[in-house]
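One structure is given below, encoded as structure tokens.
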Amino acid sequence: MTPPVLLQISNLSKSFGPVRALKGVDFVLRKGEIHAIAGENGAGKSTLMNIIDGILRPDGGEIRLDGAPVRISSPAVAQRMGIGFVHQEIALCPDVSVAENIFMAATNASRSFLMDYKSLNRKAAEVLRQLSDIEPATMVRDLPISKQQLVEIAKALTLDCRILILDEPTAALTEAEAQLLFGIMRRLADQGISIIYISHRMVEIFDNCDRVSVFRDGTHVVTHDVGDITSSDVVNAMVGREISELYPPKQAEGDKTGEVMLAVRGLSDANRFHDVSFDLRRGEILGVAGLIGAGRSEIVKGICRLEGEVSGSITLNGEPLDTRTYRESIAKGVVYLSEDRKGDGVFLDLPIDANVSALRLGQVARRFGLIDAEMEAGQAERLGRKLNLKCGSLADPVSSLSGGNQQKVALAKMLSVNPQLIFLDEPTRGVDVGAKSEIHRILRDLANDGVGIVVISSELPELIGLCDRVMVVREGTISGEVSGADMTEENMMHLASVTGVQEETA
């Protein structure tokens, strides 16, 4: 028996100046279903969700809740109607506790002059128990990104929701944390709560959702039960064409020289990683796998001199890489692209061209350190063309771009210094499938041009499809390496979660 319709959207439209973000969109959400929304960045997903949550107001169309027309004029009104929204971007207050963040709305509505922290922490612990062992009194600023995302989810669970919107909720979660979330989602759906689930990850959609709606260029393309459609069908509907080659060809056997461009030996720091040794060969893309918290990013940041003191030896193109700061690493052509794109990768409020030049301003400066605007724009235009950057104007703020194009700006910033070696941490996180394909092609072209490429990713299919070899990190050391036919998810997960030895190589 088909569940009753809870939310019905008809002929919804929304424009931002000349740009039509939504063009007569229809959407139906049934009671107690998990309904996936798929689409490339810029397809209209976020605009639609922001209208449902009252952040934006539509230009035309109708929204019905339980069959009755409604006007959602603000997020507060949406909450009173039973609509909760967990945004992809973390929106917590870093300088107060976890418990205060979780119950901030209730605290603001309270008439009490005094805060009952004991009661607040107890209630927060009850909510958090189903998600994580986070201490309620902890300051949010002291939590890693994955734990902050769980606090965002816990915050939404305290609301008396009838509709819960989750926008890329697993982007920063470990696999274990994600599985806990999926279990909670199913329990909520069984209780009659409807969930709108936005994700670029096809596996999550097909494993956990009941139906999927695809959006493209501000229009609703198709809605299907997940049992009646394949992931390829969804991807093709998203991009309006078939993407048969998500990953470019790997390094051909005839192109392998065996030349070692980066050699790391016995790299250690005080307590985060120890005795790390590996090689990167010219022309290949080396992947780094491992569970979140295993030390993947810490090892790379140690090589780049971004965090702490390290011991051991590093050689780049036959010369010792004796650097003490990240500035010195940049000067040697070694750069790092952070997993936190909006926190560390780009300056959202600055123009695109200013972002591209930010890593080494001297390249676009005249005498006395003054920026040459023409040089800066020329550099951004050249690199933007190389990366197929889609933007209105180079003077536009980076915040105006889609996630995929923001990531291209971050890549352009790396390329502006003519690097010899690029470490990329989760380079396609929160990026749609079309932009992912482009970024993969860009990385392979860079490797073919002789730039060293090392990719950290939590998406094992991405490592398998993109990389020539993958080394696996477990508890701060290299537990093994896989390549060729041995590069499987099972082998990588075994090395990541079971005590491995360096001899387990392919």
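The values are calculated or read from the model by the stated rules, or taken from the named source; none is laboratory data. Note that this is a predicted model, so its numbers are computed, not measured. With ideal geometry, Cβ positions are generated from the backbone for all residues, glycine too; neighbour counts draw on all protein chains shown. Remember, those area values only see protein heavy atoms, side chains included, never the ligands or the DNA or RNA. Shrake-Rupley method; radii C 1.70, N 1.55, O 1.52, S 1.80 Å.
Positive-end ranking of Y197, A137, F182 along the dipole of segment 105-203, with charges on Cβ about the Cα centre, is headed by A137.
For segment 47-62, the Karplus equation 6.51 cos²θ - 1.76 cosθ + 1.60, evaluated at θ = phi - 60°, returns couplings of 4, 4, 5, 5, 6, 4, 8, x, 6, 10, 10, x, 7, x, x, 9 Hz by residue, with Gly and Pro reported as x. In the chain, helices alone account for a calculated mean residue ellipticity at 222 nm of -9000 deg cm²/dmol, with every DSSP H run of four or more residues adding -39,500 (n - 2.57).
Counting only lysines at least 8 places from K386 when in the same chain, those with an alpha carbon closer than 24 Å to its own are K250, K332, K342, K408, K413, K436.
Taking Cα atoms, how many degrees apart are the long axis of helix 145-157 and the longest axis of the chain, rounded to 10 and kept between 0 and 90? Its long axis makes an angle of about 0 degrees. Determine which residues of segment 303-327 fall in the zone a paramagnetic label at D344 would reach in this model, i.e. backbone nitrogen under 15 Å from the point 7 Å along Cα→Cβ. Flagged as within label range: 303-309, 325-327. Pair-distance distribution of segment 110-243: all C-alpha pairs, bin width 10 Å, starting at 0; shares per bin in whole percent are 10, 35, 30, 16, 7, 1. Note on exposure: L7, L291 ranked by accessible area (1.4 Å probe, complete protein assembly) read L291, L7, with the most exposed listed first. The mean of 1/r over all distinct Cα pairs in segment 275-325, once inverted, gives the Kirkwood hydrodynamic radius of 12.4 Å.
For M139 and N271, the FRET efficiency from 1/(1 + (r/R0)^6), where r spans their Cβ atoms and R0 equals 22 Å, is about 0.50. Whole-Hz Karplus values for segment 183-199 come out as x, 5, 4, 5, 5, 5, 5, 5, 7, x, 7, 8, 10, 9, 10, 9, 7 Hz, taken residue by residue from phi with 6.51 cos²θ - 1.76 cosθ + 1.60 and θ = phi - 60°; glycine and proline positions read x. Here segment 273-419 is treated as a Stokes sphere of Kirkwood radius computed over C-alpha pairs; at 20 °C and 1.002 mPa s its diffusion coefficient rounds to 127 µm²/s. What the pair-distance distribution of the chain shows, using all Cα-Cα distances binned every 20 Å from zero, is 21, 53, 25, 1 percent. Projecting the Cα atoms of F85, I478, P18 onto the charge dipole of the chain, computed from C-beta unit charges around the Cα centre, puts P18 farthest toward the positive end.
With contacts taken as Cα pairs under 8 Å at a separation of at least 6 residues, the chain carries a relative contact order of 15 percent. Taking Cα atoms only, the orientation of helix 433-448 departs from the longest principal axis of the chain by about 0 degrees. Bin width 10 Å, origin at 0, all Cα-Cα pairs of segment 37-162: what percent of pairs per bin? Percent of Cα pairs in each bin: 12, 37, 32, 17, 3. What you get for segment 319-381, charging only the Cβ of Lys and Arg (+1) and of Asp and Glu (-1), is a dipole of about 220 debye around the Cα centre. Name the aspartates and glutamates eligible as straight-distance cross-link partners of K23: C-alpha to C-alpha under 17 Å, and not fewer than 8 places from it in the same chain. Output for K23: E40, D59, E62, D217. One Cα centroid belongs to segment 22-95, the other to segment 420-452; the line between them spans 32 Å.
For segment 347-506, the residue among P351, S437, A447 whose Cα projects farthest onto the positive side of the dipole built from Cβ charges is P351.
Taking the Cα centre of each part, how many Å lie between segment 362-418 and segment 163-196? Segment 362-418 and segment 163-196 have Cα centres spaced 37 Å from each other.
Within 10 Å of each candidate Cβ there may be at most 12 other Cβ atoms; applying that plus a DSSP loop requirement, which trypsin sites (Lys or Arg not before Pro) in segment 188-289 survive? Passing sites in segment 188-289 are R241. Building the convex hull from the alpha-carbon atoms of segment 335-444 and averaging its projection over directions returns 6.5 nm².
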